[in-house]
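The values are calculated or read from the model by the stated rules, or taken from the named source; none is laboratory data. None of these values were measured; they are calculated from a predicted model. Just so you know, the surface numbers come from the protein's heavy atoms only, side chains and all, with ligands and any DNA or RNA stripped out. Shrake-Rupley method; radii C 1.70, N 1.55, O 1.52, S 1.80 Å.
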Amino acid sequence: MRMRASLFVAAVAILTAGIAAAQQAAPADAQKMPEMGPVTNPVSGTVKGQLARFSKNMVAAAEAMPAEKYVFKPSPEMNTFGHLVMHIAQTNNVLCSKISGAAAPDVKYSESDPKDKLVAALKASFEYCTTALEKVDDSKLGDQMMLFGNRPASRAGALIFLFGSWTDHYGTEAIYLRLNGILPPTAQPAK
């Protein structure tokens with residue numbers, strides 16, 4: 001019983017010392033923290049803030065896959081890597097057009113197009129999104145639109161869907177790369 005009490009007292013002493021040290025360090029840490037206030041355009045700003053990151057990683061993933069592996073698919077039921085790259089470019093163009101109200105680029109691709117054409121299409125789709133979304137803000141998040149034929153969605157929903165498609169598609173690119181013994185861009189060692 002005495003041993004438990006001693007352990008308890010020791011634990012409380014260590015915890016108290018830790019709290020005191022943290023309180024002494026808090027003023028310096030507090031000075032480093034930015035002031036927190038309301039965020040202007042939290043939905044559109046967040047999506048646009050991630051656009052450059054996903055563009056960089058998804059294009060780098062498309063460039064990392066060797067040209068001869070653009071026909072690779074993990075199983076017969078799955079799409080080829082070339083189809084995935086084509087699909088990402090098409091999705092970017094459609095969603096960024098719908099969200100912004102700007103006309104989508106009039107381009108045609110095929111999953112059998114060569115790697116250089118598909119990578120160029122992917123780069124162009126991210127450039128288009130950057131331009132198309134530039135003036136988008138949160139003032140019309142509730143506006144309704146039709147996505148992919150007959151699916152009604154709000155502008156907020158379309159922005160969230162766009163961001164979700166980037167995470168999903170990059171994850172798929174990463175799996176295809178790893179199945180071919182290639183580290184995806186975000187798994188590369190720091191340079």
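Non-local lysine pairs in segment 95-154, meaning eight or more places apart or on different chains, with alpha-carbon distances under 22 Å, amount to 8. Rg and Dmax, both from the Cα atoms of segment 60-108 and both in Å, are 13.4, 38. Computed in the context of the full set of protein chains, the accessible area of segment 46-103 at 1.4 Å probe radius has 57% of its extent on carbon or sulfur. Normalised by the number of residues in segment 50-183, the average gap of Cα pairs under 8 Å and 6 or more apart makes the relative contact order 31 percent. Annotation: I160 carries an accessible surface of approximately 110 Å², with a 1.4 Å probe and no ligand, DNA or RNA atoms counted.
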